[in-house]
Amino acid sequence: MPGTYNFEDFLLKISTPFYLFLIGLEIFFTYRQRSHDHSAKPSYSFRDSVTNAVLMLCNGGIDLLFRAVYVTVLLWFYNLALFPPIQNPFAYWLLLFLLEDLAFYTLHYVDHHSRLFWAVHVTHHSSEHFNLTTGFRSSVFQPLYRFIYFIPLAILGFEPADIIVMYSLTQIYGIIVHTEYVKKLGWLEYLLVTPSHHRVHHASNVQYLDKNMGMCLIIWDRIFGTFQEEMAEVPPRYGLTKPMQPENVVQTVFHEWQEIGRDFQQPVDLPTKLKYLLKAPGWSHDGSRETSKDLQSRL
């Protein structure tokens, strides 16, 4: 699929200066704000931004190394496609966008509601800052299973190369909504995932936990009941409900796996141990902990 690689290379070349410009602009606003209000928490810290860059490189490296495997799997299913490719290019790409965004919503929902996958995805939520570099704070091992959610698209007749390109395109949008400097966007709030929606998603306030899962479109959250508006009276508090100590790259990637290991050491039977792995984060066999739904129902 050389054409795919060439297009991805083109996307990288045009998006990198775009990101750098926006990040530079955001840093400027951050420190200008600090010069006027010393009590304001800065949106950036050097250590946090370096961690975000390292996690992005780790994720990208795994994706490249594993690409031959997931492309082969998608091609195999594409050869079993139930329908021929849609001939109208506008309809083809529009439908691919909608279905891939829905697939990502599903992936994201599972990542938040099964501890096995939350252990991978938690890295993206672990920063106590929220800025454009947070968008690069990747779930390092997600490329090892993300493609599974795109298999139905291949079966429906969408070419694997096009699936990969569409994911790359939508990811650009998914990164630029990580900012505190864009407020609510009027009628677009009903259609698109906006920075306001994504601030909610990254917040650890009980009201905001596990909300607004979409990449580009907020309609899936509105349809499936995971939508939450940003409320002026509840300013987002970023990071995890239980902060990591100490914070470094290795701890950021593996801390939840360490917690799962401790739960597996409890004197309980194997089915119970598997529940600690597969049920929602916060589940416990004795009710000593609470899931996000428990916390929200109590609130």
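Among K184, K13, K279, K211, sorting on how many other beta-carbon atoms sit within 10 Å of each Cβ, with the fewest leading, yields K13, K184, K279, K211. How would the range 112-190 be classified by its alpha-carbon gyration tensor: rounded, prolate or oblate, with rounded meaning a/c under 1.5 and the a/b versus b/c comparison settling the rest? It is oblate, given that a/c is not under 1.5 and a/b is not larger than b/c.
Structural descriptor for the range 147-299: relative contact order 16 percent, calculated from alpha carbon pairs under 8 angstrom and at least 6 residues apart. Given +1 at the Cβ of Lys and Arg, -1 at the Cβ of Asp and Glu and no other charges, the dipole of the chain around its Cα centre is 380 debye to the nearest 20. Among residues other than D221 with Cβ under 12 Å from its Cβ, the summed charge is -2 (Lys and Arg +1, Asp and Glu -1). Structure shown: which of K242/K293; K184/K242; K184/K211 lie over 19 Å apart, alpha-carbon to alpha-carbon? Violating the 19 Å Cα-Cα cut-off are K184/K242. Put in order of Cβ neighbour count within 10 Å, fewest first, the listed residues D63, D269, D101 become D269, D63, D101.
Put in line by how crowded their Cβ is, counting other Cβ atoms within 10 Å and starting with the fewest, F227, F46 read F46, F227.
Dividing the mean sequence gap of close Cα pairs (under 8 Å, 6+ apart) by how many residues the chain holds gives a relative contact order of 21 percent. For the range 165-261, the spread of Cα positions along the three principal axes, ordered from largest to smallest, is 44, 40, 28 Å.
Under the rule a/c < 1.5 gives rounded, and otherwise a/b versus b/c splits prolate from oblate, where does the range 224-297 land using the Cα gyration tensor? Because a/c hits 1.5 or more and a/b fails to exceed b/c, the range 224-297 counts as oblate. Less than 5 angstrom separates the built amide H of L217 from those of V193, all sequence-distant by 5 or more or on a different chain.
Gyration tensor analysis over the Cα atoms of the range 28-166 returns equivalent ellipsoid semi-axes of 36, 17, 13 Å (largest first, whole Å). Highest mobility in the GNM of the chain, judged by mean-square fluctuation with C-alpha springs under 10 Å and restricted to T72, T133, T123, is found for T72.
For the chain, a Gaussian network of Cα nodes joined below 10 Å ranks S15, S49, S127 by mean-square fluctuation, and the top entry is S15.
Taking a ≥ b ≥ c as the square roots of the Cα gyration tensor eigenvalues, the range 141-182 comes out prolate, since a/c reaches at least 1.5 and a/b is larger than b/c. If you bin all the Cα-Cα distances of the chain at 10 Å, starting from zero, the percentages per bin are 6, 25, 34, 25, 9, 1, 0.
Net charge within 10 Å of L277 by Cβ-Cβ distance, Lys/Arg positive one each and Asp/Glu negative one each, not counting L277 itself? Once all neighbours under 10 Å are counted, the net charge is +3.
Given R0 = 45 Å, the distance between the Cβ atoms of S284 and R32 translates into a calculated FRET efficiency of 0.45.
Think of each Lys and Arg Cβ as +1 and each Asp and Glu Cβ as -1; about the Cα centre, that makes the dipole of the range 177-264 roughly 140 debye.
Other residues lying with their Cβ under 10 Å from the Cβ of A203 contribute a combined charge of +2, Lys and Arg counting +1, Asp and Glu -1.
The numbers here are math on the coordinates, done by the rules we state, and not lab data. These numbers were taken from a predicted model, which means no experiment stands behind them. Reconstructed Cβ throughout: ideal geometry from the backbone, glycine too, with neighbour counts over all protein chains shown.
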